[in-house]
1. Does the stretch 114-126 include one or more residues that are closer than 23 Å to Val68 by Cβ, assigned by TED's automatic domain parsing to the domain that holds Gln170 and touching a helix residue (DSSP H, G or I) at 6+ places or on another chain (Cβ under 9 Å)?
2. Determine, yes or no, whether Leu34 is among the hydrophobic types (A, V, I, L, M, F, W, C), within 13 Å of Asn136 (Cβ to Cβ), buried (at least 19 other Cβ atoms within 10 Å of the Cβ) and not assigned by TED's automatic domain parsing to the domain that holds Lys183.
3. Looking at the stretch 76-92, is at least one residue in the same structural domain as Leu172 (by TED's automatic domain parsing), in contact with a His (Cβ under 6 Å, 6 or more places away or on another chain) and at pLDDT below 95?
4. Suppose the filter is closer than 20 Å to Asp163 by Cα, under 18 Å from the mean Cα position of the chain (by Cα) and not β-branched (Val, Ile, Thr); does His212 pass it?
5. Can we say Gly275 is assigned by TED's automatic domain parsing to the domain that holds Gln108 and more than 23 Å from the chain's Cα centre (by Cα)?
6. So, in the stretch 200-225, of the ones that are in contact (Cβ under 8 Å) with a residue 40 or more places away in the chain and either among the small types (Gly, Ala, Ser) or not assigned by TED's automatic domain parsing to the domain that holds Val171 (or both), which residue ends up nearest to Thr169 (Cα to Cα)?
7. Return a yes/no flag: does the stretch 314-325 have any residue that is modelled with pLDDT under 95, among the β-branched types (Val, Ile, Thr) and under 26 Å from Leu81 (Cα atoms).
8. Name the residues in the stretch 152-182 that are assigned to a helix (DSSP H, G or I) and over 28 Å from Gly114 (Cα atoms), would you?
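The values are calculated or read from the model by the stated rules, or taken from the named source; none is laboratory data. Model, not experiment: these values are computed from the prediction. Positions of Cβ are backbone-derived with ideal geometry, glycine not excepted, and every protein chain shown enters the neighbour counts.
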Amino acid sequence: MKINLLGQTLAQLQELCAGEGFPRFTAKQLCDWLYKKRVDSIDAMTNLSKIQRARLNGLACVGREHPVRCQVSKDGTKKYLFPVLDGHFIEAVFIPEDDRATLCVSCQVGCKMGCRFCVTGQQGFHGHLSAGDILNQLFSIPEFDRLTNVVFMGMGEPMDNLDAVLAATQVLTSDWGLGWSPKRITVSTVGIIPGLKRFLDESQCHLAVSLHNPVAQERLAMMPVQKAFPLNEVLALLRRYDWSGQRRLSFEYTMFRGENDDLAHAQKLVDALKGLDCRVNLIRFHESPEAPFRTSMPTTIKTFQDYLNRNGVICTLRASRGQDIDAACGLLAGKE
């Protein structure tokens, strides 16, 4: 099987070139073609010799794969469907705004976490994406040049595929890659502590933690990960890091009617986050046949949000985008 060059770091390309007896600077040339010029074939790398290109073609390919479908929402959101391993598909969502353009990318085919409110989580797990699979979601859409931000909030749990996620963010932020600021990237997690600690030590990208309920037993009923990695242990780990600089910490809190949306839960949430420099993003639950929950009433959400803001927790309500094409939070299914 050929090596996909897309997603390879500079160090990995240097190792590849050394193994082929190429000059060391060839790796930098490859990075330039892959990440700055964004070519989709080795033959387009014209400052490599014909012999080098022939040898590379024998063992590698760029690894670009165009989406097989694009759905467009009435609000301008676009959902792209990409083929990946073993006949499966994953989805990425392009979200245009006035001064921003965000791509929500997937990192796995399905998900192991089994959150009861998430369509992806109800599919089960079918495999990890490579760093190239992740980056292909950016490189192979026509809106690439418009992108201002990337969020790892699509299909899969980033901390469960951390090697690929870190390699992808390294390409995005390194001088030999795209040279983005880490502030343009947000990585989400349900709170897998070993991966989370490594991410905090090795990356400066923003972090978003899927919290959804501050009561341990109630969170466990929604999110099986609570059993292995309790929220209080996740918060204890987060308190060991400095959040006063450029890296931002946020918590995702989906509002479920009668489940986690009263003032008692708001008070427990304030208590749980006390002393953490963070913000809370409230999310309207997007109902689906696969999930046994209902959306909180708008007045209830507003009361909850106001309570958090009055009690020292910065709280915003995330706009729902692309709901009519099943592109909103928790609805990605990767179906052809």
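1. The answer is yes; a qualifying residue exists.
2. yes
3. As a first pass, look at the stretch 76-92 and keep what is in the same structural domain as Leu172 (by TED's automatic domain parsing): 76-92.
Retained after the next criterion (residues that are in contact with a His (Cβ under 6 Å, 6 or more places away or on another chain)): 88.
Those still in the list that are at pLDDT below 95 too: 88.
Checked the stretch 76-92: at least one residue is in the same structural domain as Leu172 (by TED's automatic domain parsing), in contact with a His (Cβ under 6 Å, 6 or more places away or on another chain) and at pLDDT below 95.
4. no
5. When the stated conditions are applied, Gly275 passes them.
6. Ala208
7. Within the stretch 314-325 (the criterion being modelled with pLDDT under 95, among the β-branched types (Val, Ile, Thr) and under 26 Å from Leu81 (Cα atoms)), the answer is yes, since at least one residue qualifies.
8. Selection gives Gln170, Val171, Leu172, Thr173, Pro182.
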